[in-house]
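J.: One structure is given below, represented as structure tokens, and several questions about it will come after.
Bear in mind these aren't lab numbers, they're just calculated from the coordinates by the rules spelled out. Every value quoted in this text rests on a predicted model; they were computed, and no experiment measured them. Cβ sites come from the backbone with ideal geometry, for glycine too, and all protein chains shown count toward neighbours.
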Amino acid sequence: MKNNWKIETQAVQGAYEAGNAEARVLPLYQSTTYRYDTCEELASVFDLEQDTPMYTRLANPTTDAFEKKIAMMEGGVGALATSSGMAATSIAVLNILKSGDHILAASTIYGGSFTLFTTTFKDLGIEVTMFDPDIEKDEIIKLAKPNTKLIFGETIGNPLVNILDFEKFAAVAKELDIPFMVDNTFATPVLCKPLELGANIVIHSTSKYIDGHASCLGGIIVDGGNFNWDNGKFPCLVEPDESYHGVSYVKNFGASAFIVKARANVMRNMGMTPSPFNSYLTNLGCETLHLRMERHCENAMKMAEYLKNHEMCSWVKYPGLEDDKYHNLAKKYLPKGVSGVLTFGVKGGRDAGRKFINALKMVALVTHVSDVRSCVLQPASTTHRQLSDEELISCGVSPDMIRFSVGIENVDDIIADFEQAFECAK
Ligand SMILES: Cc1ncc(COP(=O)(O)O)c(C=O)c1O
């Protein structure tokens, strides 16, 4: 029944169910370990025959309920929560790829993921080809190699706020018979469900909207259960895992093979587990996700229109605006709204932008996006400060760009703060 609930109900009531006289709210199991009556019973847990927790690195009841809620909201067969969004991407990729494999990835993905792919994975022998996600399908196919095992994109790019063409990426994945992995952080399952649009694996940095309060770092991987791993390209999911009593994930766990392996193999061996307290808080935050996303989108649309008409603003990018390059894709894939993140430039360039940010009183300068409080960042002077102006432009980050994450305050107060800051930037 819960799988048929509307997303709002899933966010509030999903997964955890209180028994008679039990806590109404998902309890926090702040415990590393679990007691068993007999050696035989604990052995069956180790053999993956019994789905109960034995050690929090692998499973914890608080985290488990949160995982089930997100899996339900995304429409997947299972989920694995991680200590951060970067951990989610790392585990998801390392679960299926090894040295000698190749990834096709959109060049507009979050900078941290870009660096993970182009340095850490490269050092591990996993090769990546970054491509402009707006090129034609046939051009993407031409970039594929016999060892290509994955195509990766972001629903809404950070910080370019470009929208992923799901149909095109899913078609490439189908033609190459490889999985399609999507970072759905900015959209959340409230605004977009990638598994319904041809994706196979979804990841999130839950540090952003899912927690929503900038209090917990976290990530999650959701398995769509909709990819045939037994196609000759992923022996790690089909052949016996000698480190796990010779289990074949595909044979033993069918549609859940990917997510079972991610937990039993990669998470077991590498850690990157969330603390139960973070799962507790993130689940609590998630209970209001649908309401927050509505207000984030509404406020962002108003701020985009305000900025578009402001004499001190030289440009604004927000796919909700009718003349935005990605408006049609946004209408197609994100009809409920395109999140609270937008970018704009202040007339006078980088220096004027810096003055504007320094003058803000309520909207804060922080290295974060997507929480209830409005915040800004100038990539050229912070996250991208090592790049020259030419390099900034080549990766789509203009020197005057301000990334603006619109919160859920009263929009009039955000505008009042911007007005006085624009005055100071003149
Ligand atoms: C789209 C996206 N994916 C992944 C990450 C990484 O997440 P975390 O900071 O939780 O490791 C971020 C962080 O900003 C992000 O914006």
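J.: So how strong a dipole does the range 2-286 carry about its Cα centre when Lys and Arg Cβ are +1 and Asp and Glu Cβ are -1, to the nearest 20 debye?
T.: 340 debye
J.: Can you tell me what share of the DSSP beta bridges in the chain is antiparallel? A percent to the nearest 5 is fine.
T.: Roughly 60 percent of the beta bridges in the chain run antiparallel, per DSSP.
J.: Find which of GLN50, TYR326, ASN20 sits farthest along the positive direction of the dipole of the chain, computed with +1 on the beta-carbon of Lys and Arg, -1 on that of Asp and Glu, about the Cα centre.
T.: The listed residue farthest towards the positive side: TYR326.
J.: Follow-up. For a bin width of 10 Å, list the pair-distance distribution of the range 165-312 built from all Cα-Cα distances, rounded to whole %.
T.: P(r) over the range 165-312, rounded to whole percents: 10, 29, 31, 21, 6, 3, 0.
J.: Can you compute the radius of gyration and Dmax for the range 63-175, using only the Cα atoms, both in Å?
T.: Cα-based Rg and Dmax for the range 63-175 come out at 14.6, 42 Å.
J.: Taking a cut-off of 28 Å between Cα atoms, list the lysines near LYS308, but don't count ones fewer than 8 places away on the same chain.
T.: LYS208, LYS317, LYS325, LYS331, LYS332, LYS336, LYS347, LYS355, LYS361, LYS426
J.: Let me ask something additional. Could you rank the peptides 293-305, 61-73, 275-287 by their average count of other C-beta atoms within 10 Å per residue, with the highest value first?
T.: Packing proxy ranking, top to bottom: 61-73, 275-287, 293-305.
J.: List the lysines whose Cα sits under 25 Å from the Cα of LYS149, skipping any in the same chain fewer than 8 residues away.
T.: List returned: LYS98, LYS122, LYS137, LYS168, LYS174, LYS193, LYS233, LYS251, LYS261.
J.: Highest mean first, what order results for 191-203, 238-250, 396-408 on Cβ atoms within 10 Å?
T.: Put in order of decreasing packing, that is 191-203, 396-408, 238-250.
J.: Considering just Cα atoms, how many Å³ per residue does the convex hull of the chain enclose?
T.: 142 Å³
J.: May I ask you to derive the relative contact order of the range 2-286, considering only C-alpha pairs under 8 Å and at least 6 residues apart, and to give it as an integer percent?
T.: Once divided by the residue count of the range 2-286, the mean separation gives 23 percent.
J.: Provide, as a two-decimal number, the C-alpha radius of gyration of the range 284-326 over 2.2 N^0.38 Å, N being how many residues it has.
T.: Normalised by 2.2 N^0.38 Å, the Cα Rg of the range 284-326 equals 1.42.
J.: So what's the back-of-envelope 222 nm ellipticity for the chain, counting only DSSP H runs of four-plus at -39500 (n - 2.57) apiece and dividing by all residues, rounded to 500?
T.: Calculated from helices alone, the mean residue ellipticity at 222 nm is -10000 deg cm²/dmol.
J.: Per q in 0.16, 0.18, 0.21, 0.23 Å⁻¹, report the Debye log10 I(q)/I(0) for the range 311-426, using one uniform scatterer on each alpha carbon and no solvent.
T.: Ignoring solvent entirely, the Cα scatterers give -0.78, -0.98, -1.26, -1.39.
J.: P(r) for the range 103-166: what percent of alpha-carbon pairs falls in each 5 Å bin, starting at zero?
T.: The distribution over the range 103-166 is 4, 18, 29, 25, 18, 7, 0, given as percents.
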